[in-house]
Amino acid sequence: GQQLNQSPQSMFIQEGEDVSMNCTSSSIFNTWLWYKQEPGEGPVLLIALYKAGELTSNGRLTAQFGITRKDSFLNISASIPSDVGIYFCAGQITNAGKSTFGDGTTLTVKP
Amino acid sequence: DTEVTQTPKHLVMGMTNKKSLKCEQHMGHRAMYWYKQKAKKPPELMFVYSYEKLSINESVPSRFSPECPNSSLLNLHLHALQPEDSALYLCASSQGTGTGSQPQHFGDGTRLSIL
C-alpha cells in the first residue's frame, strides 16, 4: 500500500522561529490534508489541498500541494507556544474512502 | 469543542468483558470512521461506513464489531479484547468519501485500557 514519509520526526524551536515540515510519497495523491493533534485530543484539520500546485494559508500556517502530486509541505511562521503538538500529513486518492497518514512531526516550542 | 462526540472518554475493562464505544455527529456527514491510535503514532484505520453501510474493514479482528444504527451514530462493540488492544480509539466523520468531501473531522477519542 501507499506510504508517506514525513519529516522531520521532531523539532525543537524557539518561540518566534519559522517551522517547515514535509511529506513525500512514491505514489500520487489527489488530496493532501494537514492535521494537528494535542495531548488528550483528536486530530484537528488545519488545511486541505485539492489541486497540484495549490498554495493555501490558514493564519500563520501555509501548505502546498506539490506539482508532482507526490509531496506536500506545511510552514508555520512566527511560532508560539500553543503551536506545540504532533502534526500529521495525510494523503487521499479519489473515491478510495480512506486516508494514508504520515508518522507525524512532533513540535516543541521553547518560550 | 469537537463536533464529533465520543463516549466514554476513558474505559478500563477486563479481557472477558463486553463494552461499547459510542460516536455521534450532527453535521449531516454520511461517512463515519473508526481509528485506533497508539501513543506517538498516526491513527490506523479500522472501519469505514458510507451511507450507513460498511464499506471498508481493514482486516480488523472479530473481537471488534462496528455498528451504524443511523447516519449520526456509530458504535464499536468490544468483546474478549487483548492487552495489546489498549489504545486511543478515534471516531471521525466526513461529508462523503469522494474527492473534496473526504476531510475527516475527528472526535477526541476513547482512551481504552485492557487489564
*Leaving out ligands, DNA and RNA, what percent of the accessible area of the range A:25-75 is carbon and sulfur, probe 1.4 Å?*
52
*Find the cysteines in chain B that fail to meet the 4.7 Å Cβ criterion with every other cysteine, and list them.*
B:68
*Mind jotting down the distance between the C-alpha centroids of the range B:47-67 and the range B:17-39, whole Å?*
11
_Quick check on chain B: of the DSSP beta bridges with both residues there, what percent are antiparallel, nearest 5%?_
90
*Show me B:63-73, A:40-50 ranked by packing, highest mean number of other Cβ atoms within 10 Å first.*
A:40-50, B:63-73
_Please compute the contact order of chain B in relative form: average sequence separation of alpha-carbon pairs under 8 Å and at least six residues apart, divided by the residue count, as a percent._
37
*Alpha-carbon centroids, the range A:44-111 and the range A:2-28: separation in whole Å*: 9
*Share of antiparallel DSSP beta bridges in the protein assembly as shown, in percent to the nearest 5?*
90
*Just give the residues from the range A:5-52 buried by at least 30 square angstrom of accessible area in the all-chains context relative to the isolated chain, probe 1.4 Å, and say none if nothing qualifies.*
A:35, A:37, A:42, A:43, A:45, A:50
*What relative contact order, as a whole-number percentage, does chain A give when Cα pairs under 8 Å and 6 or more residues apart are counted?*
37
*For chain A, what is the accessible area per residue in Å² when the probe is 1.4 Å?*
46
_Probe radius 1.4 Å, ligands and nucleic acids left out: can you give me the accessible area buried at the A-B interface, summed over both chains, in Å² to the nearest hundred?_
1800
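The values are calculated or read from the model by the stated rules, or taken from the named source; none is laboratory data. All values derive from a computational prediction rather than experimental measurement. Here Cβ is always computed from backbone atoms with ideal geometry, including for glycine, and neighbour counts include all displayed protein chains. In case anyone asks, the SASA skips ligands and DNA or RNA and just uses the protein heavy atoms, side chains included. Shrake-Rupley method; radii C 1.70, N 1.55, O 1.52, S 1.80 Å.
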